[in-house]
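Peer 1: Below you'll find the structure I mean.
Every number here is computed from the coordinates shown, using simple stated rules; none is lab data. Given the structure is predicted, the values throughout are model-derived calculations rather than measurements. Cβ coordinates were reconstructed from backbone atoms using ideal geometry, including for glycine residues, and neighbour counts include every protein chain displayed.
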Amino acid sequence: MRQVIRFFSAVALMLSVGIFSCVAYGEIQLPDEYCVVAGSGAEIGESVFSASAAASPQGDYELEVKAFGLFPVKTARVKVSQRRYVTVGGGIFGIRLYTRGVLIVGSEEIDTAAGAVSPAARAGLKKGDIILEINGAPVSRNNDISSAVESSGGDEIELLIERAGKRQTVSLLPARSRTNKKFKAGLWVRDSSAGIGTVTFYDRKNGIFAGLGHAVCDVDTGEVLPISGGDAVNAAIKGCYKGKDGSPGELCGVFAPGEIGELYENCSIGVYGAFEALPQGEEIPVAIIDEVKTGKAQIISTVDGNGPQYYDIEITKLYTKSGQRNMTVEVCDERLIEKTGGIVQGMSGSPIIQNGMLVGAVTHVFVNDPRKGYAIFAQTMTDEAERISSPGYSDAA
């Protein structure tokens, strides 16, 4: 009798541990929010979990998620949205960005009659600081800094800077160079950046196009470049450095005459702006996050003079809780591998098509394996495009 009791006790303990583990897994791994297109329901995607609506799904609603249909796991919110349609990209464009203020990328000592002096270091200025004003006057170009310092006569100047999103005022005392007798601040600064990338989509409804899927960052500081504006320009591919293990490849592009649009935003999920002329092409639906699946897909990329082409890839993993790196993808098209070795710099923004929908954009390559890389969900980018097109965007920017 005791053995029977022990047996059932052990079974009950194992069941309890199993149920607890399952509930804990669901609490951690299942999303707190699901997105669905109007007229469809939310799919949990895990066989042991089920859900029922806690309210009538007229608009956004809540789901009660349970394990085995009995044990409460969590309450998840369901966002209902209308299906979006965009014109997919895949073409190369040139990027010219102008910084908001002037970015400090380094400092140096000045050789003065009294010895080596670093005015920037004495003022407490750091690499990555953004100079917005000098003595109350706005700063937008590198020569604004040099002109203000040289005309100071050696008097102390006040700089309004931005550091880690917060503004503060610092005082800088210029030093007179022993070699050319000019006053200097000992600063290396940058007011612009340029490069190439791939257009992901154009939204005819709001007039916004998106590309890259990640930010343009300063090469010296690694910081996202804060911009006052920029231009999208024509570009052409002249060649490619193939990627190999340990060495990412790169498309060799050049700017061609003619501006094709204006750039409004440079952020962690891409570059956004408006084209001067409406792009031609068929509109396709944008997949919501829960519609993206692992498996076969295609990217549209321009890697030579033949324009945008479709290439086969595999979506190998999904990360629904990640802000930007939402998928891992692997190139399995021998044509692309032969041309570029896989994913190379310049392909960022290449749209990913699955089941006839835009599901994402390529963003990064794995350094140790150029056939693999990261991608961002298309819905994340279309949400940002919608935000940029809203009436309050320019006031908030």
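Peer 1: Once the piece of chain linking ALA114 and SER146 is laid out straight, how much longer is it, given 0.36 nm per residue of separation minus the C-alpha distance between them?
Peer 2: Length gained between ALA114 and SER146: 9.4 nm.
Peer 1: Here is a further query. Over 18 Å, how big is the tail of the calculated P(r) for region 76-220, in percent of all Cα pairs?
Peer 2: Here the tail beyond 18 Å accounts for 65 percent of pairs.
Peer 1: So if R0 is 30 Å, what FRET efficiency would GLU386 and GLN280 give, r being the distance between their Cβ atoms, rounded to the nearest 0.05?
Peer 2: The computed FRET efficiency comes out at 0.85.
Peer 1: Rg and Dmax of region 274-362 over Cα atoms: what are they, in angstrom?
Peer 2: Using the Cα atoms of region 274-362, the pair Rg, Dmax is 13.5, 38 Å.
Peer 1: How large is the Kirkwood hydrodynamic radius of region 277-327, in angstrom, based on all distinct alpha carbon pairs?
Peer 2: With all distinct Cα pairs of region 277-327 included, I get 13.5 Å.
Peer 1: By what distance, in whole Å, do the Cα atoms of region 109-185 stretch along each of the three principal axes, largest value first?
Peer 2: The Cα atoms of region 109-185 stretch 37, 20, 18 Å along their principal axes.
Peer 1: Determine which residues of region 93-129 fall in the zone a paramagnetic label at GLU156 would reach in this model, i.e. backbone nitrogen under 12 Å from the point 7 Å along Cα→Cβ.
Peer 2: 123
Peer 1: Here is a further query. Grab the other residues whose beta carbon is less than 15 angstrom from that of ASP111, score K and R as +1, D and E as -1, and report the net.
Peer 2: Residues near ASP111 contribute +3 overall.
Peer 1: Further question: Give the long-range amide H neighbours of ILE110: residues separated by 5 or more places, or on another chain, with amide H under 5 Å away, using H modelled in the peptide plane at 1.01 Å from N.
Peer 2: Answer set, sorted by chain and number: VAL117, SER118.
Peer 1: Something else: Give me a comma-separated list of calculated 3J(HN,Hα) values for region 283-288, in order, Karplus coefficients 6.51, -1.76, 1.60 applied at θ = phi - 60°, integers in Hz, x for any Gly or Pro.
Peer 2: Residue by residue, region 283-288 yields 7, 10, x, 9, 6, 6 Hz.
Peer 1: How far apart, in nm, are two points set 7 Å out from the Cα along the Cα-to-Cβ line at LYS293 and at THR169?
Peer 2: 6.2 nm
Peer 1: OK, next. How large is ³J(HN,Hα), in whole Hz, for each residue of region 241-256 in order, when computed from phi with the Karplus curve 6.51 cos²θ - 1.76 cosθ + 1.60 and θ = phi - 60°, using x for Gly and Pro?
Peer 2: So the J values, rounded to whole Hz, are 8, 5, x, 8, 3, x, 8, x, x, 7, 6, 9, x, 10, 6, 10.
Peer 1: For region 167-271, what is the largest minus smallest coordinate of the Cα atoms on each principal axis, given in angstrom and ordered from greatest to least?
Peer 2: For region 167-271, the Cα spread along each principal axis is 54, 39, 30 Å.
Peer 1: ³J(HN,Hα) across region 203-219 via Karplus (A = 6.51, B = -1.76, C = 1.60, θ = phi - 60°), whole Hz, x for Gly/Pro?
Peer 2: Karplus-based 3J(HN,Hα) across region 203-219 equals 9, 5, 5, 10, x, 9, 10, 10, x, 6, x, 8, 7, 7, 10, 5, 5 Hz.
Peer 1: Counting only other residues whose beta carbon sits under 12 Å from that of GLN309, what net charge do I get with K and R as +1, D and E as -1?
Peer 2: Taking every Cβ under 12 Å from that of GLN309, the sum is -1.
Peer 1: Could I ask something else about it? If the cut-off is 30 Å between C-alpha atoms, which lysines fall inside it for LYS317, apart from same-chain ones fewer than 8 positions away?
Peer 2: LYS66, LYS74, LYS79, LYS242, LYS244, LYS293, LYS296, LYS339, LYS372
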